[in-house]
Structures are given as structure tokens and as C-alpha cells.
């Protein structure tokens, strides 16, 4: 009798152990699938929320830029009046590290009392080609050699042949 019990135990215990291992493996994989799907759904929702927030923030910056792009002070032909206006805008908008206006040749008058030639920049060429506004890729500022993103807008009241561009730099 003892040998039959031993034989049954030797056969049944490994079968039970193998069954438990298989059930554990399947349970683990199913739980992993649920967690990954949940993580993916939450990540997409957060990504969309972040994208919407970023879009809204960029729209606000573009509207600010357009707002001061249409100013009569900026559109005047008096460089002293333009410099005063640029300095005032730079003081009112501290999120801009630099505010400047460029003429149709790319010569920029800045709030830092420095001049720069932006005629070779993609955002300037895009504005000159007819774009109403442009946001640059990250680049190095020609004025202070810092990494910036440039927001620019075509000013109202100028033909493309005599366009002026209002810009703001953002740096980290």
C-alpha cells in the first residue's frame, strides 16, 4: 500500500505543480496585457492634454506677437520711436528674452540695442515668401549666442517688398 501512495504522489504532485506554473504564467501575461493597455490609454490621454495645452500657449504667444506687430509705433518710419516701442514691449513681456524688428533685407533692430542680420534664417525667408507668422526650430541667437525659439509675424501695412518682421525670442 505504501508503494501505491508513493507512486501516486510522485505522479500527481508534479502534475499539480506543472498546472500551477502554467496557470501562473497565463495569469501573469494577462495582467501584463491589461497593465500595458491601461498605461497606453493613460499615456495617450496625457499626451493629447499636453499637446492641447502647448497649442493653446503657442496661440497666445502668436496673438501677442500679432498684437504688437500692428502697432503704429512699430510701423512708423522713425527708428527712435521704434526702439522705444521695442524696449517697452520687451519690458511688458518678460517671457521674451529679446524682441526685435527686421526690415525687408533682414537687418534687425533689437531690444538689446544690438543689430543682427537675420536674412539667412528660415523663419525670415518664410515670412518674406508670404507666411503670416512663423515659429522657428531651436537655433542659436545671433545677438547673444543663446539657444532660442523665434516667433515672428509680418507687420500690417507693408507690402511684401517693404515688409518688417516683429519677433520674440524664447530661451530656457
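All of the numbers you see were taken from the coordinates with simple rules; none came from a lab. Since the model is a prediction, treat every value here as computed from it, not as a measurement. FYI the Cβ positions are ideal-geometry reconstructions off the backbone, even for glycines, and counts take in every protein chain you see.
Table for the structure above
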| read-out | value |
| --- | --- |
| Relative exposure of 110, 50, judged by other C-beta atoms within 10 Å (fewest first) | 50, 110 |
| 0 to 90° range, to nearest 10: angle between helix 79-92 axis and the chain longest Cα axis | 30 |
| Largest-first principal axis extents of the Cα set of the chain (Å) | 114, 30, 27 |
| Sorted by Cβ neighbour density within 10 Å, fewest at the top, the residues 88, 121 | 88, 121 |
| On Cα atoms only, tilt of 2-69 relative to the major axis of the chain in degrees | 10 |
| Order of 120, 115 under a 10 Å beta carbon neighbour criterion, fewest first | 120, 115 |
| Shape category assigned to the range 1-94 from the gyration tensor of Cα positions, a/c cut at 1.5 | prolate |
| Relative contact order of the chain, defined on C-alpha pairs under 8 angstrom at six or more residues apart (%) | 19 |
| Mean residue ellipticity (222 nm) of the chain, computed from DSSP H runs ≥ 4 via -39,500 (n - 2.57), nearest 500 | -19000 deg cm²/dmol |
